[in-house]
Amino acid sequence: MRAIVVVDEKWGIGKKNDLLFRLPADMKHFREQTDGKVVVMGSNTLLSFPGGKALKNRINIVLWPGGTKREDCIVVSSLNELFQQIHPYRQDEVYVVGGAMLYHTLLPYCESAIVTKVFADGGAEVFFDNLDALSNWHCVRQSEPLETNGYRISFCEYRNDAPLLYRVEL
């Protein structure tokens, strides 16, 4: 399993249930990474998408305790149900896409994280765990900075040296 996220210079990821920045280069990168794959999210992340609709050309799995069934995604009410749903897929095809609580909960199970770093302060209200401060996470790749929509960004890949194995309870 992988996390994919955009962070500001303080590891901020959101404000008022929305993104901090509009970054066309990152949106293209996100599409390229997740197209045809499995995306895992919390209910607020799903509801933050245009029209509250699932992402096209992906299997959308939403952890939403008390949520109702939907045609456009798989709604699960517990971590165990979530693990049951992702179990059949290769781990490098499953992407955690938010929000903050789900990132924090699933990060220990992630083998890697694809992080777009924005060299700016977005005034965030919610934050991603600072991978640079976690002893088992290491940046293994970082692109040269590029500019998109007036912001400098860099694409990074982090590896988790000790991902937890999730267990599916039947």
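The values are calculated or read from the model by the stated rules, or taken from the named source; none is laboratory data. Note that the structure is a prediction, hence the values are computed from the model and not measured. Every residue, glycine as well, gets a Cβ built from its backbone with ideal geometry; the counts of neighbours run over all protein chains shown.
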Looking at region 124-146, I want the residues that are without any contact (Cβ under 8 Å) to a residue 12 or more places away in the chain and have a partner that is assigned to a strand (DSSP E or B) and surrounded by 11 or more Cβ atoms within 10 Å (Cβ to Cβ) with Cβ atoms under 8 Å, at least 6 apart or on another chain. Which pairs are those?
D132/C139; E144/S154
G99 versus (1) farther than 14 Å from I13 by Cα; (2) in contact (Cβ under 8 Å) with a residue 60 or more places away in the chain: which is the lone unmet condition?
(1)
Just for region 15-36: of the residues that are under 15 Å from the mean Cα position of the chain (by Cα) and outside any helix (DSSP H, G or I), which one is surrounded by the fewest Cβ atoms within 10 Å (Cβ to Cβ)?
D18
Pick out the one residue from S43, S78, S48 that is touching a Pro at 6+ places or on another chain (Cβ under 8 Å) and over 14 Å from I4 (Cβ atoms).
S78
Quick one: is A162 assigned to a loop (DSSP other than H, G, I, E, B) and either farther than 26 Å from S43 by Cβ or under 15 Å from the mean Cα position of the chain (by Cα) (or both)?
yes
For region 37-55 the number of residues that are assigned to a loop (DSSP other than H, G, I, E, B) and under 16 Å from the mean Cα position of the chain (by Cα) is 4
Being modelled with pLDDT of 95 or more and under 20 Å from F30 (Cβ atoms) is the filter; apply it to region 79-91 and report the residue that is surrounded by the fewest Cβ atoms within 10 Å (Cβ to Cβ).
R90
In this structure, does S154 turn out to be over 15 Å from the mean Cα position of the chain (by Cα) and assigned to a strand (DSSP E or B)?
yes
Within region 65-78, restricting attention to residues that are at pLDDT 95 or above and either under 16 Å from the mean Cα position of the chain (by Cα) or among the hydroxyl-bearing types (S, T, Y) (or both), which residue is nearest to L164 (Cα to Cα)?
S78
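Yes/no per residue for (1) in contact with a helix residue (DSSP H, G or I) (Cβ under 7 Å, 6 or more places away or on another chain); (2) more than 21 Å from P145 (Cβ to Cβ):
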| position | (1), (2) |
| --- | --- |
| V5 | yes, no |
| K10 | no, no |
| L23 | no, no |
| K28 | no, no |
| K37 | yes, yes |
| G42 | yes, yes |
| T45 | no, yes |
